[in-house]
Amino acid sequence: AMLPNFAALIATSGPIRNGARPYYLSRSQPPFFSHMVELEARIDGDVVYRQYLPQLRREHAFWMEGETSIAPGHAVRRVVKLRDGGVFNRYWDHRDTPRPEAWLHDMRTAASAPDRQPAEVFRELRAGAESGWDYSSRWLGDGRTLSTIRTSEFVPVDLNSLMHHLEATIALACRKDAQPDCAREFDQRAAQRAEAIERHLWNTRGYYADYDWKHGQVSAQVTAASLYPLFTGIASPQRAELTAGTVRVQLLAPGGLLTTTHSTGQQWDAPNAWAPLQWIAVEGLRRYDEAALAQEVATNFLREVGRVFDARHKLVEKYDATGQAHGGGGEYPLQDGFGWTNGVVRVLLVRYPQPP
C-alpha cells in the first residue's frame, strides 16, 4: 500500500514530505515517486499511469514553483536558472529555523559559524536534510566542517536525474491518457533537462558531478551520486563508460560502494556504504553493459552485510565499506533493521546468489 499512501501525501501536502509530521511540512523527500509508479505499471499496466498522473504533475509543480518568475543567474525556491537559460532544481527549505527534530544540534552548528547569520545556517541544514544526504561533504563549503554547509548553492546531479525521470514519466502518462499537448510539453522538458545535465553536470575528468551555480563550476568531487545519470538512462554510452571507470578506481571498496571519497565524520561520506546507493549503482551499471562492475559492487556489499550479520545477527541502516568497522557518523547511533537494507539485500541475493 505504499504507492497509494504516498499518492495521498502528495494530494494533501504537495510532495512526499521528509516525514508525515507537521514539522516536516516545509521539505520534501527526493522525488522517487515516478519510479514507484513505473514499477507498479509493470504489474498492473497503463491504468497505473493514468491513475497517478495528477499526483505526478502535482509533485512536479511543487519542485518547479517560481519557475516563470526567475531571471537567468538566479534561484527561486527549488528552481535554478543558469545564465545560459538552463533550468535545474536544487534542495531548499522555506523555513530558516532549527529543525525541531534536531534543535540542539542545529543551534550548536550555527553557533560554531560566527561569520554567518544563524538563519542562513539553519536553512542550509534543512536543505541538506531534504536531500537525504544529511550530511555530506557534498554540501560543505570547505569540504570538512558542517558549519560551512551551503546545500542550496549546488545543482545536485541526483536530484536533477530524478526530475528528468519524473518529467519523462509524466510525458508517458499523458500519452496513455490521450493528452497530446501535455505529452509534448513534458517530452520537451525532459529533453532540455537531459541536455543541460550533459552540458553542466559533467566533469571532464570522467564523471558526473554537482554544479556550483553560484561560482559557475562543476564539483571536483566523485560521489555515489555520479551514477544517477546511468540509473535514469540520461548518460551517453561513452560517458557511462568513463563514469564506471572512475567509480571503479575511486569508490569501489571491499564492502561495496563508498558514498564519497572524503572521511569527515558525516554519515553520507566515506567510509559508509548505503544500500539504496548500491542499488542505484548496480542498476545504472547494468543498464550500460557494465555487468562485471555491477556484480562486484553487489557482491562486495553482500559480503559486508553478511559479515555484520554474523557478528550482530541483524541488518542495519548503513555499513562500513572498508570492512573494518560498522557504519557510523552523523547525528544519531547506527539504526537496526531498515527497509532499504532489507529490500536491496533481498533483491541482490536473488540476482547474485552467494555461496553458503
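The values are calculated or read from the model by the stated rules, or taken from the named source; none is laboratory data. Values in this document were obtained by computation on a predicted structure and should not be read as measured data. Here the Cβ is made from the backbone with ideal geometry for all residues, glycine too, and neighbour counts use every protein chain on show. Heads up: the accessible areas ignore ligands, DNA and RNA and are worked out on the full protein's heavy atoms, side chains in. Shrake-Rupley method; radii C 1.70, N 1.55, O 1.52, S 1.80 Å.
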Original post:
Which Cα, out of 280, 299, 265, lies furthest along the positive dipole direction of segment 251-356 (beta carbon charges, K/R +1, D/E -1)?
Top reply: 299
**OP:** Determine the dipole magnitude for segment 245-326: charges of +1 sit on the beta-carbon of Lys and Arg, -1 on that of Asp and Glu, nothing else is charged, the reference point is the Cα centre, and the result goes in debye to the nearest 20.
**Re:** 140
**OP:** Excluding residues fewer than 8 places away in the same chain, name every one of the aspartates and glutamates whose C-alpha is closer than 16 Å to that of residue 81.
**Re:** 65, 67, 153, 195, 198, 210, 212
Subject >> Heavy-atom accessible area order for 199, 17, largest first, 1.4 Å probe >> reply: 199, 17
**OP:** Based on alpha-carbon positions alone, could you give the equivalent ellipsoid semi-axes of segment 71-192 from the gyration tensor, as √(5λ), descending, whole Å?
**Re:** 34, 15, 12
Original post:
Ignoring any ligand, DNA or RNA, what whole percent of the accessible area of the chain comes from carbon and sulfur when the probe is 1.4 angstrom?
Top reply: 53
Original post:
Expressed in whole Å with the largest first, what are the equivalent ellipsoid semi-axes of the chain derived from the C-alpha gyration tensor as the square root of 5 times each eigenvalue?
Top reply: 29, 26, 21
Subject >> Note, ³J(HN,Hα) from phi for segment 298-313, Karplus 6.51, -1.76, 1.60, rounded to Hz, x at Gly and Pro >> reply: 5, 5, 4, 5, 4, 4, 5, 4, x, 4, 5, 5, 4, 7, 10, 6
Original post:
Which value results for Rg/Rh of segment 4-155 when Rg is the Cα radius of gyration and Rh the Kirkwood radius based on the inverse mean 1/r?
Top reply: 1.02
Original post:
Long-range amide H contacts for residue 251: which residues qualify at under 5 Å (H placed 1.01 Å from N, peptide plane, sequence gap of 5 or more or a different chain)?
Top reply: none
Subject >> segment 302-346: Rg to Rh, with Rh as the Kirkwood radius over Cα pairs >> reply: 0.93
Subject >> Pairwise Cα inverse-distance average, inverted: Kirkwood Rh of segment 209-296 (Å) >> reply: 13.2
Subject >> Solvent-accessible area per residue for segment 168-327 (1.4 angstrom probe, square angstrom) >> reply: 40
Original post:
Expressed in nm to one decimal, what extension gain is obtained for the pair residue 351 and residue 8 from 0.36 nm per residue of sequence separation less their Cα-Cα distance?
Top reply: 120.2 nm
**OP:** Have a look at 232, 125, 250 and report the one farthest towards the positive end of the charge dipole of the chain, computed about the Cα centre with Cβ charges (Lys/Arg +1, Asp/Glu -1).
**Re:** 125
Subject >> Share of Cα-Cα pairs in segment 124-201 lying beyond 17 Å, as whole percent >> reply: 55
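Could you tell me the convex hull volume per residue, in Å³, taken over the Cα atoms of segment 248-303?
Spread over its residues, the Cα hull of segment 248-303 gives 68 Å³ apiece.
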Original post:
Pick from 13, 131, 226: which is most flexible by mean-square fluctuation in a GNM of the chain where alpha carbon atoms under 10 Å apart are linked?
Top reply: 13
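Mind putting a number on the dipole of segment 1-148 about its Cα centre? Charges go on the C-beta only, +1 for Lys and Arg and -1 for Asp and Glu, and I need it in Debye to the nearest 20.
180
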Subject >> For residue 262, distant residues with modelled amide H under 5 Å away >> reply: 270
**OP:** Report the normalised scattering of segment 249-356 as log10 I(q)/I(0) at q = 0.24 Å⁻¹, calculated by the Debye formula with identical scatterers on the alpha carbons.
**Re:** -1.42
Subject >> Hz values of 3J(HN,Hα) by residue in segment 210-216 - Karplus curve (6.51, -1.76, 1.60), Gly and Pro given as x >> reply: 5, 10, 7, 6, 5, 9, x
**OP:** Return, for the Cα atoms of segment 1-82, the radius of gyration and Dmax in Å, separated by a comma.
**Re:** 14.3, 44
Original post:
Averaged per residue, what accessible surface does segment 27-154 expose to a 1.4 Å probe, in Å²?
Top reply: 42
**OP:** Would you calculate, for the chain, the mean residue ellipticity at 222 nm contributed by helices, counting each DSSP H stretch of 4 or more residues as -39,500 (n - 2.57) and dividing by all residues, to the nearest 500?
**Re:** -15500 deg cm²/dmol
Original post:
Given a cut-off of under 8 Å on Cα pairs at least six residues apart, what relative contact order in percent is computed for the chain?
Top reply: 12
**OP:** Enter the mean projected area of the convex hull around the alpha-carbon atoms of segment 61-118, in nm², rounded to one decimal.
**Re:** 5.3
**OP:** Quote the charge dipole size of the chain about the Cα centre in Debye, to the nearest 20; the model charges only the Cβ of Lys and Arg (+1) and of Asp and Glu (-1).
**Re:** 160
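At 0.36 nm per residue, and after removing the present C-alpha to C-alpha distance, how many nm does the segment from residue 310 to residue 111 gain when stretched out fully?
67.4 nm
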